[in-house]
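Just so it is clear, none of the values below were taken in a lab; they were calculated from the coordinates. Keep in mind that what you see is a predicted model, and the values were worked out from it rather than measured. Here Cβ is always computed from backbone atoms with ideal geometry, including for glycine, and neighbour counts include all displayed protein chains.
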Amino acid sequence: MKSEISPEPIQGNVGGTDPGPRNIELDRQNPDVLTPPRTDHGTLPNLKFSFGMAHNRLQGAGWARQVTMRELPAATTLAGVNMRLNPGGIRELHWHKQAEWAYMLDGRARISAVDQDGRNFLDDVGVGDLWNFPAGVPHSIQGLEEGCEFLLVFDDGSFSEDATFLLTDWFAHTPKEVLAKNFGVSETDFANLPTDIDRTRYIFHGEIPPSISSDMVSDSYGERSFSYPFSTQQSVKTSGGKVRIVDSTTFPAASTIAAGLVEIEPGGMREMHWHPNSEEW
């Protein structure tokens, strides 16, 4: 029998005590690793990884940590980033080759984007809301009065948050005379661009934005929606819990990632199942 105080790798009449050194709290959190069931022969790859074990990138106005196939080799098609922005903190305008699907965990944020057809987007999102920026669409995120925390999911296991293309990256690699001509201003307007090794902003301090109505930009190209109020979607109730499902039929902007928010009651069980055509992250 496993001890509640100090679990041991003993199962029936097999195994033996572990005199240490050891991490008892970690063993307590992973009982089926310490004493695996008889059906587990140890040949499956690790199927979980804690964000608490991931490297945390600390910035002036927040932090970010990621779990990709480098940390979780079994996850070849999806990667994730857990990010926090302080009040007014800005995730710099950036873009990447992968789609970015997001779930708000805490606080509120203002998200913005512009697509390849010039259509702009601006919205405030709160706990339980989603957004999805398709591959290549430039976007930014800013924490509102209470700051925010969110989970980002990317449709490529090899994605790296440290390899996104930032607006300041573009500026740093473009001659100032070209920038001046492009924006129709003087070269002196770009005189103070950072030039050291840490020349990008990534996550930086900003003023808490005004009301969204005063922040809106009128554009003749029109607007496009990249957010979805998942928190207001009605749940499907079952005998053991409830679930909300969002996919491209309910959230057309997200064509590569679907999600289920599953709440299992004490003693309830999500029936044995599998996904022949996609991985579950």
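Based on what the data block shows, is Val243 in contact with an Asp or Glu (Cβ under 9 Å, 6 or more places away or on another chain), in a strand (DSSP E or B) and either closer than 21 Å to Gly89 by Cα or not charged (D, E, K, R) (or both)?
When the stated conditions are applied, Val243 passes them.
I need the full set of residues from the stretch 259-281 which are of a type outside the set (Lys, Arg), assigned to a loop (DSSP other than H, G, I, E, B) and either closer than 25 Å to Thr249 by Cα or without any contact (Cβ under 8 Å) to a residue 24 or more places away in the chain (or both), in order please.
Scanning the stretch 259-281 gives Pro266, Glu271, Met272, His273, Trp274, His275, Pro276, Asn277, Ser278, Glu279, Glu280, Trp281.
In the stretch 189-241, how many residues are of a type in the set (A, V, I, L, M) and in contact (Cβ under 8 Å) with a residue 60 or more places away in the chain?
5
Could you grab me the full set of residues in the stretch 40-69 that are surrounded by 14 or more Cβ atoms within 10 Å (Cβ to Cβ) and in contact with a Gly (Cβ under 9 Å, 6 or more places away or on another chain)?
Across the stretch 40-69, the qualifying residues are Phe51, Gln59, Ala61, Gly62, Arg65, Gln66, Val67, Thr68, Met69.
Of the residues that make up the stretch 250-269, is at least one more than 24 Å from the chain's Cα centre (by Cα) and β-branched (Val, Ile, Thr)?
No, because not a single residue in the stretch 250-269 is more than 24 Å from the chain's Cα centre (by Cα) and β-branched (Val, Ile, Thr).
Taking the residues in the stretch 73-86 that are surrounded by 18 or more Cβ atoms within 10 Å (Cβ to Cβ) and in contact with a Gly (Cβ under 8 Å, 6 or more places away or on another chain) as candidates, determine which candidate is nearest to Gln29 (Cα to Cα).
Ala75
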